Amino acid sequence: MIQRIEEFVEYLTNVKRASKNTIASYRRDLVKLNNFLTDSECTELDEITGTNLNSYILMIEKQGMSTATVSRNIASIKAFFLFLLKKGLIKEDPSENLKPPKIEKKSPVILTVEEIGLLLEQPKGASPKDIRDKAMLELLYATGIRVSELINLKVKDVNLSMNYIKCHDNNKERVIPITTEARDALYYYLKNAREVMCKEEQEYLFINCQGAPMTRQGFWKIIKYYASKAGIKKDITPHTIRHSFAMHLVNNGADLKSVQEMLGHSDISTTQIYMKASANTKLKEVYDKAHPRANVS
């Protein structure tokens, strides 16, 4: 089965042009499934049944995996067996009746404008690392790009004279304007810090202290550090900055289509969560102001 998984990964890469993160997740999910089936002495593709797959899903649910992770595993499995079916490697799809669990949609964690201000103020030093961190945080909030997109930016993707960056996602390119603060922070980083940090020539914009391209884990630690330093109690991640960027735009009157384009959402229904959250916030504000007992403790 491992050979078929690698063929599927190649198909995702060369035909579907899936993102690196999607490919890595699907491969990881399917390798885990293969290990489970091997332990169950089910090693041939035509031996795999819906019962086998259901048993696997029950097992990972009992392991405490989140609903979102279980859903992604089911998506990986269904995509893989559909691939096998289309290639004629199996006669029936054993994953046909797998149903993803219902995901409770939670409102995204949003930082207030004041909290964002506190976070962005934290890198204050003059060291190359502080200068780089300031540029990364400013750019993330200025554009709302994903952390994977941030760390994969290249120097050539930045146009400081026109105040925009080019962001590449799944072979699609989008142009996103940047704030004056982000432009200035990037300019200062490129002029005073990046060359100091580079041990050898690098095309990537953001470099770690070892002179290599910044990683997701490295930036995760950076944002956790500055959130703690700023005294922000919310459990924030790099994606929290993306949510906050979108919410603040919507709150200030940006149209949903423009926000969708900047975020790179393929479906506007994904972007509509910010409109709903904004409406709920405004409703609460109106209630607190208008109801005579709203603020009674």
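Readers should treat all values here as calculations from the given coordinates under stated rules, not as data from a laboratory. Given the structure is predicted, the values throughout are model-derived calculations rather than measurements. Ideal geometry is used to build each Cβ from the backbone, glycine not excepted, and the neighbour counts take in all protein chains shown.
Annotation: peptides 212-223, 129-140, ranked by per-residue average of other Cβ atoms within 10 Å with the highest first, follow the order 129-140, 212-223. Computed over the chain, the per-residue total of -39500 (n - 2.57) for DSSP H runs of n ≥ 4 gives a 222 nm mean residue ellipticity of -18500 deg cm²/dmol, rounded to 500. Net charge dipole, segment 39-129: roughly 400 debye, given to the nearest 20, about the Cα centre with Cβ charges of +1 for Lys and Arg and -1 for Asp and Glu. Computing Rg/Rh (Cα atoms, Kirkwood Rh) directly from the structure and comparing it against (i) 1.04; (ii) 1.07; (iii) 1.01 singles out (i). Using the structure shown, list the pairs from LYS78/LYS257; LYS156/LYS233; LYS78/LYS172; LYS129/LYS166 with a Cα-Cα distance above 28 Å, or answer none. Result: LYS78/LYS257; LYS156/LYS233 exceed 28 Å.
Applying a length cut-off of 27 Å (Cα extent along the axis) and a mean Kyte-Doolittle floor of 0.0 to the DSSP H helices of the chain leaves 67-86. Each semi-axis of the equivalent ellipsoid for segment 145-226 is √(5λ) with λ an eigenvalue of the Cα gyration tensor; in descending order they amount to 19, 16, 14 Å.
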